[in-house]
Amino acid sequence: MPSPGRGLLEPGERVLLIDPKERRYLIRLEAGGRFQTHSGILEHDDVIGGPAGVEVQARQPGGPEGAGRWFLVLRPTLADLVVKMPRGAQVIYPKDLGAILMAADLFPGARVLEAGVGSGALSMAALRAGCEVVGYELREDFAATARANVAALLGPEAAYRVEERDVYEGIDLTDLDRILLDLPEPWRVLPHAEKALEPGGILLAYLPTINQTAELRAGLEHGAFSGAETIEVLQRSWHIEGRSVRPDHRMVAHTGFLTTARRVLRRAR
Ligand code: SAH
């Protein structure tokens, strides 16, 4: 069951439990369910029907009354789900998903083709932005994982369809507003994207290496595209504790490059 996102917690919803050591557990609430840790047992029924954003105490079997640890109960954010959900393929990280929303200008009602869909992280971000998404995915098992991840977030009624097929062989859709690509050779999609995208539509490709990015950029030079741009997103978190205020020692230094371009119709002159 997808989370209503607000209001009291319901059975079937996923919640994030955070223990006093900041360890995070994603669980699905079930009537009568129990979450067992060495910090005690948390009864799902102590959480169901209550608010999110509050602490709930676990019970310590055999221990004195009130001895169990307190867990903070939160509704997971989309970023929490993306890093915790079941995945076959590598997912696009939240920092890049955020940038993709803007770079590809994903808007409510946009007709989007996404290939390949992998675990469905980008699908989830696009659907949450209100897009109608068709996914092309080579692998049956990944397509199934993506469908399940999307259904868990948004329910079975989401504007989402995944077809098991190779996007390099063609696109059977027209009048698309956006094409989102996360696969190894996106330049092979350009001849099909040209026909499937509306004039003014945006193509976005996520690529892990700059060699691939250069090859895509070369392809965009020859095609019916304009205004190609490539960016990477560096996100550095900070350690802020008392007088110790500095960047964290570690960061995710590299994930991928984002390249965008717009489909245009040029007039013969
Ligand atoms: N963006 C996804 C991850 C995609 S991983 C996420 O955020 O979860 C890349 C996916 O592309 C893999 O699942 C792979 O099977 C698929 N793929 C690779 N080549 C493809 C092709 N030619 N057509 C369709 N899917 C393809």
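General observations
- Pairs, first in the same structural domain as His192 (by TED's automatic domain parsing) and closer than 22 Å to Asp172 by Cα in the stretch 124-150, second among the charged types (D, E, K, R) and buried (at least 24 other Cβ atoms within 10 Å of the Cβ), C-beta under 6 Å, six or more apart: Val133/Glu114; Gly135/Glu114; Ala143/Glu137
- Highlighted here are the strands (runs of 3 or more DSSP E) found entirely within the stretch 220-269 that include at least 1 residues which are basic (Lys, Arg): 244-247, 257-263.
- Each residue in the stretch 186-207 was checked for being within 13 Å of the ligand (Cβ to nearest atom), more than 16 Å from His222 (Cα to Cα) and either loosely packed, with under 14 Cβ neighbours inside 10 Å or basic (Lys, Arg) (or both), and 0 of them qualify.
- Any chance Glu137 is surrounded by 22 or more Cβ atoms within 10 Å (Cβ to Cβ), of a type in the set (Asp, Glu), within 12 Å of the ligand (Cβ to nearest atom) and within 13 Å of the chain's Cα centre (by Cα): no
- Qualifying residue in the stretch 103-120 (condition: farther than 28 Å from Lys21 by Cβ, more than 12 Å from the ligand (Cβ to nearest atom), surrounded by fewer than 20 Cβ atoms within 10 Å (Cβ to Cβ) and without any contact (Cβ under 8 Å) to a residue 12 or more places away in the chain): no
- Among (1) part of a helix (DSSP H, G or I); (2) in contact (Cβ under 8 Å) with a residue 24 or more places away in the chain; (3) touching a Pro at 6+ places or on another chain (Cβ under 8 Å) - the single one Ile41 does not satisfy: (1)
The values are calculated or read from the model by the stated rules, or taken from the named source; none is laboratory data. Please read all numbers here as calculations on a predicted model, not as lab measurements. Neighbour counts are summed over all protein chains in view; Cβ atoms, including those assigned to glycine, are modelled from backbone coordinates with ideal geometry.
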